[in-house]
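The values are calculated or read from the model by the stated rules, or taken from the named source; none is laboratory data. None of the values given here were measured: they were computed from a predicted structure. Virtual Cβ from ideal backbone geometry, glycine too; neighbours counted across all protein chains shown. For the accessible areas, the whole protein counts, side chains as well, though only heavy atoms, and no ligand, DNA or RNA atoms are used. Shrake-Rupley method; radii C 1.70, N 1.55, O 1.52, S 1.80 Å.
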Amino acid sequence: QVQLVESGGGLVQPGGSLRLSCAASATIFRFYGMGWYRQAPGNQRELVATITVGGVTNYADSVKGRFTISRDGAKNTVYLQMNSLKPDDTAVYYCNTYPRNVGYWGQGTQVTVSS
């Protein structure tokens, strides 16, 4: 049973923007904090941003001031607005609960920042 589905990735030039979406089941969305994670080739998966059920957000230092996480209760969707993208942001981006649940990993969405 698919619980989380990511979308919105793509190829963007340095300095550009993308908005990622994560459609969640109503149960997950209602009861869990959510997070965006990313994994670049050869690297471990890392936490990028989190948002609590109440809307409190937190960010990795590497994306602070450039990325914004938000959640829409009407759509059971979590977003990651990414601005001022850098080549180092290139990775597969995943959403999951926070703390993460190993059973909820989806396919992710590829973000490539390149000129």
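Before moving on, here are some points about what is shown:
- Going through (1) among the β-branched types (Val, Ile, Thr); (2) assigned to a strand (DSSP E or B); (3) more than 9 Å from the chain's Cα centre (by Cα) one by one, VAL48 falls short only on (3).
- Filter pass, SER62 being closer than 16 Å to GLY10 by Cα and among the small types (Gly, Ala, Ser): no
- Unique residue being closer than 16 Å to GLY108 by Cβ and of a type in the set (A, V, I, L, M) when the list is ALA60, ALA49: ALA49
- Pair list, Cβ under 6 Å, 6 or more apart: segment 22-51 residue buried (at least 17 other Cβ atoms within 10 Å of the Cβ), other residue at pLDDT 95 or above and among the basic types (Lys, Arg): TYR37/ARG45; VAL48/ARG38; ILE51/ARG71
- Among the residues of segment 52-68, those that are in a loop (DSSP other than H, G, I, E, B) and open to solvent by 20 Å² or more (accessible area, probe 1.4 Å) comprise THR52, VAL53, GLY54, GLY55, VAL56, ALA60, ASP61, SER62, LYS64, GLY65, ARG66.
- Selection within segment 69-115: residues that are free of Cβ contacts under 8 Å to residues at least 40 places away in the same chain and aliphatic (A, V, I, L, M). The member of this set that is most open to solvent (accessible area, probe 1.4 Å) is VAL102.
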